[in-house]
Amino acid sequence: MKVVLFCGGFGMRLREYSEAIPKPLVGVGHRPILWHIMKYYAHFGHHDFILCLGWKSEAIKDYFLNYNECLANDFVLSKGGSSVVLLNSDIQNWNITFVDTGMRANIGERLKAVQSHLAGEKTFLANYADGLSDLDLNALIDFHQRNEAIASFMTVRPTQTFHCVSSQEDGLVTRIEAISDTNTRINAGFFVLDQEIFSYMRPGEELILDPFDRLIAKGKLFTMPHEGFFGCMDTFKEKQMLDDMHAAGNTPWELWRANGALHRADPCETNSQQMPH
């Protein structure tokens, strides 16, 4: 299945970084969060990506155009440096389509802009470019197909320290509780979408609002709750949390490391362009 990733936002709540680079290139450890997300999908066998670009699109293009597998992986050097053989690889078998979907487009408009690149795909995957999870993607796809859904997505419990307040019309508080203790769940992305989704979309609409309301009316929108790990890099504090987890070796989203899913790659040339990661 093709994977659509929404990479074009301004990342205003992470301005410490996103004023210089687009949020998808902000690092978790020594790799951009976008790399972690794509590696996650590749782990489940989905290597065909469509990047919906906008803000600082040239930086994302440049990152992949100058990606050097020899800097990112273990390798064997021989013949005085004229031969370099990779012991494993990251992106060698990835197919990446870069599409400028507009500087200020919303998610619905970005998805609509890449519709032609999804021709022939009965079902495809889509996601934001700032969230990591240990979700079993195969289970979500099975859930989607079993329910004959047009759109499915993952929900998680909110972890913020906000409190839900119930009150009467005169302001008298009748109940207060931590939002994490309620039955409230939030949209966490990891969408599975059928081609039919486009017939529920209208020009200028945000994906999550009107199109999803139309799917609800038809009984074709489903969500699978996830109780495992989910981390969204929306603020500096959340980035620091992911960095701390990575530094401690606590990376539950790196499912590809669980079974050592690395493969031997072909030799690479040492005179190719190099960009530190």
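The values are calculated or read from the model by the stated rules, or taken from the named source; none is laboratory data. These numbers were taken from a predicted model, which means no experiment stands behind them. All Cβ positions, glycine included, derive from the backbone under ideal geometry; neighbour counts span all protein chains shown. With ligands, DNA and RNA removed, areas are computed over all heavy atoms of the protein, side chains included. Shrake-Rupley method; radii C 1.70, N 1.55, O 1.52, S 1.80 Å.
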Inset, instruction - Taking Ala72 as the residue in question, decide whether it is out of contact with any Gly (no Cβ under 6 Å at 6 or more places or on another chain), crowded, with 18+ Cβ neighbours inside 10 Å and farther than 16 Å from Cys7 by Cβ. - result: yes
Inset, instruction - Tell me which residues, restricted to the range 114-143, are among the hydrophobic types (A, V, I, L, M, F, W, C) and under 18 Å from the mean Cα position of the chain (by Cα). - result: Val114, Leu118, Phe124, Leu125, Ala126, Ala129, Leu132, Leu135, Leu137, Ala139, Leu140, Ile141
Legend entry - Close pairs from the range 43-64: first under 19 Å from Trp253 (Cβ atoms) and touching a residue at least 24 places away in the same chain (Cβ under 8 Å), partner among the polar types (S, T, N, Q) and part of a helix (DSSP H, G or I), Cβ under 8 Å, at least 6 apart: Phe44/Asn138
Inset, instruction - Report the residue count in the range 84-113 for those that are open to solvent by 20 Å² or more (accessible area, probe 1.4 Å), more than 11 Å from Gly54 (Cα to Cα) and in a loop (DSSP other than H, G, I, E, B). - result: 5
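Conditions tested, residue by residue: (1) out of contact with any helix residue (DSSP H, G or I) (no Cβ under 6 Å at 6 or more places or on another chain); (2) among the basic types (Lys, Arg); (3) more than 28 Å from Glu254 (Cα to Cα); (4) touching a residue at least 12 places away in the same chain (Cβ under 8 Å).
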site: Phe162; (1), (2), (3), (4): no, no, yes, yes
site: Val173; (1), (2), (3), (4): yes, no, yes, no
site: Asp194; (1), (2), (3), (4): yes, no, no, yes
site: Met201; (1), (2), (3), (4): no, no, yes, yes
site: Asp213; (1), (2), (3), (4): yes, no, yes, no
site: Gly219; (1), (2), (3), (4): yes, no, yes, no
Legend entry - Among (1) open to solvent by less than 20 Å² (accessible area, probe 1.4 Å); (2) outside any loop (DSSP other than H, G, I, E, B); (3) within 27 Å of Ile21 (Cβ to Cβ) - the single one Ile141 does not satisfy: (3)
Inset, instruction - May I ask you to say which residue of Gly204, Gly228, Gly189 is in contact with a strand residue (DSSP E or B) (Cβ under 9 Å, 6 or more places away or on another chain) and within 28 Å of Gly102 (Cα to Cα)? - result: Gly189
Legend entry - Where Lys39 falls short, out of the listed (1) in contact (Cβ under 8 Å) with a residue 12 or more places away in the chain; (2) more than 20 Å from Met233 (Cα to Cα); (3) not in a loop (DSSP other than H, G, I, E, B): (2)
Legend entry - Any pair with Cβ under 7 angstrom, 6 or more apart, that starts in the range 181-192 at a residue that is open to solvent by 20 Å² or more (accessible area, probe 1.4 Å) and ends at one that is part of a loop (DSSP other than H, G, I, E, B): Thr184/Pro158; Arg185/Arg157; Ile186/Pro158; Asn187/Ile208
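When only residues in the range 193-222 that are in a loop (DSSP other than H, G, I, E, B) and closer than 25 Å to Ser133 by Cα count, which is most open to solvent (accessible area, probe 1.4 Å)? Give the derivation first.
First, pick out the residues of the range 193-222 that are in a loop (DSSP other than H, G, I, E, B): 201-209, 219-220.
Within this subset, residues satisfying the condition of being closer than 25 Å to Ser133 by Cα are 206-209, 220.
Numbers: Glu206: 56, Leu207: 1, Ile208: 54, Leu209: 106, Lys220: 61 Å².
Here the residue is Leu209.
Considering only residues that are of a type in the set (Ser, Thr, Tyr) and not in a loop (DSSP other than H, G, I, E, B), look in the range 162-190 and name the one that is nearest to the chain's Cα centre (by Cα). Steps first, answer last, please.
First, the residues of the range 162-190 that are of a type in the set (Ser, Thr, Tyr): 166-167, 174, 180, 182, 184.
Next, only the ones that are not in a loop (DSSP other than H, G, I, E, B) stay: 166-167, 174, 180.
On the way: Ser166: 34, Ser167: 38, Thr174: 39, Ser180: 23 Å.
Here the answer is Ser180.
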Legend entry - Residue list for the range 40-69, restricted to those being open to solvent by less than 10 Å² (accessible area, probe 1.4 Å) and among the aliphatic types (A, V, I, L, M): Ile50, Leu51, Leu53, Ile60
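Give me the residue from the range 114-138 that is of a type in the set (Ser, Thr, Tyr) and not in a helix (DSSP H, G or I) and, out of that set, farthest from Val3 (Cα to Cα). Please lay out each step first, then the result.
Restricting attention to the range 114-138, the residues satisfying the condition of being of a type in the set (Ser, Thr, Tyr) are 116, 123, 128, 133.
When the remaining residues are screened for being not in a helix (DSSP H, G or I), the result is 123, 128, 133.
Working: Thr123: 10, Tyr128: 11, Ser133: 16 Å.
Checking each candidate, the answer is Ser133.
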